[in-house]
Amino acid sequence: MKPGSILILVLAVLILNAGITLVLLNQKNILPQPDTKREVASRAEAASRETTITTAVEAVEPAVVSVNVTKTELVRGSRSFGFFDFFDFFPMERQVQSIGSGVIYDKRGFIVTNAHVVSGATEITIVLPDKREFSARVIGADDQHDIAKLKIEGNNLPAANFGNSKNLIIGEWAIALGNPYGFLMNDSKPSVSVGVISAVGRSFAPRRDGRTYRNMIQTDAAVNPGNSGGPLVNIKGEVIGINTFIFSESGGNIGIGFALPIDTVREVLERI
C-alpha cells in the first residue's frame with residue numbers, strides 16, 4: 001500500500017474514533033449542553049433577586065386562602081303607586097356574595113379570619129392558591145374581638161406558622177397577604193404588599209356593633225377591601241397579625257391599616 005493511502009486511512013480512523021467518543025460523551029451527559037448553561041444562568045439570576053421578603057412570602061403564601069361567602073339579605077322595594085309595585089312593600093330575600101381572606105394555621109384544616117367576614121353566612125367556600133376548593137363551617141366566632149375559626153376537610157393542607165406580637169419593632173418590615181377584589185381578578189393566588197410596622201398598641205372606642213379593637217398593630221402595607229382576615233407577616237414568614245380594617249374616606253388604601261395582634265388571636269382561637 002502506498003504511503004499516501006496509509007496516511008489517508010489513519011486520518012479516517014482517527015476522525016471516526018473522535019466522532020464515536022463525542023457521541024458517547026453526549027449520551028453520558030459529560031459535555032455541558034447549551035440548554036444546561038442557560039438553565040444555570042437563569043437559576044443564578046433568580047437567586048440574585050431573592051430576598052428575605054420573597055423567602056417570607058414563599059413560606060406563608062400556600063396557606064393564605066380566599067373566603068367566599070354567600071349571605072341572604074332581606075330587601076324592600078321603593079315606594080310606588082303601580083298595582084304590581086304594591087308587593088314591593090313586603091321584604092324579599094336575595095343572595096349576596098362577598099369575599100374576604102383567611103389563613104390556614106393547622107394542617108387539620110383550621111382557618112382563622114375576621115368574624116365580620118363570615119357573619120350571617122349561609123354558605124362559605126374556601127379557595128386555596130393551588131385552586132382547590134372546600135366547603136367550610138364555622139367552628140366558633142368572637143364578635144367582640146372580630147375573630148372567627150373555620151374548618152375544612154382535606155388532605156395535604158398547608159399551614160402557616162404563628163409568631164408573636166409582643167416584641168414588634170416600629171419600622172420593621174411587615175408583609176400583608178390577602179385577596180383584595182378577588183371576584184374581579186378571578187385568581188386564587190393572594191396579593192402581596194410590603195410596608196413597615198407603623199405603630200403598636202393602637203386602641204379604639206367600642207363600636208356600635210359591639211366590637212372592641214384594642215392593642216392593634218398599625219401598618220402602612222397596602223390593605224384593601226377583601227384583605228380582611230388575611231395575615232400580616234414578619235420577615236421570618238411568621239404570622240404576627242390578622243388584617244382587619246383600614247382608615248380611609250374613599251374606601252381604598254391610604255397607608256393606615258390595622259391588624260389584630262396574633263397573641264390575642266391565639267388566645268381567642270383556643271377558647272372558641
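Annotation: extensible slack from ASN155 through ASP106 equals 16.5 nm (criterion: 0.36 nm per residue apart, minus Cα-Cα distance). For the peptides 258-266, 201-209, 219-227, residues were scored by their other Cβ atoms within 10 Å and the scores averaged per peptide; the highest-first order is 219-227, 258-266, 201-209.
With 0.36 nm allotted per residue and the present C-alpha distance subtracted, the ALA199-ILE272 stretch has 23.4 nm of extension available. Residue-wise HN-Hα couplings along region 261-272, as the Karplus relation 6.51 cos²θ - 1.76 cosθ + 1.60 with θ = phi - 60° gives them from phi, are x, 5, 5, 5, 4, 4, 4, 5, 4, 6, 10, 9 Hz; Gly and Pro carry x. Amide H contacts of VAL200 (H built 1.01 Å from N, in plane; Pro and chain starts excluded): GLN218 sit under 5 Å, all sequence-distant by 5 or more or on other chains.
In this calculation the C-beta distance from ASP143 to GLU123 is compared with R0 = 30 Å, giving a FRET efficiency of 0.95.
A full extension of the chain between THR54 and SER135 corresponds to an added length of 26.1 nm, given 0.36 nm per residue minus the alpha carbon distance. Each residue of region 119-133 was assigned a 3J(HN,Hα) from its phi angle through the Karplus expression (A = 6.51, B = -1.76, C = 1.60, θ = phi - 60°), giving 4, x, 6, 9, 8, 10, 10, 9, 10, 7, x, 7, 6, 6, 10 Hz with x at Gly and Pro.
Take each peptide in 147-155, 113-121, 166-174, count the other Cβ atoms within 10 Å of every residue, and average; sorted highest first, the result is 113-121, 147-155, 166-174.
Using a cutoff of 8 angstrom between alpha carbon atoms and counting only pairs six or more residues apart, the relative contact order for region 161-271 works out to 28 percent.
Placing a label point 7 Å from the Cα of ILE256 along the Cα-to-Cβ direction, the residues of region 208-227 with a backbone N closer than 17 Å are 213-225.
Here the Karplus curve 6.51 cos²θ - 1.76 cosθ + 1.60, taken at θ = phi - 60°, turns the phi angles of region 172-180 into couplings of 6, 4, 9, 10, 9, 10, x, 10, x Hz, with x standing for Gly and Pro.
Values in this text are rule-based calculations from the coordinates and carry no lab data. Predicted model only: the values in this text are computed from it and were never measured. Methodologically, a virtual Cβ is constructed for each residue, glycine included, from the backbone with ideal geometry; neighbour enumeration extends over all protein chains shown.
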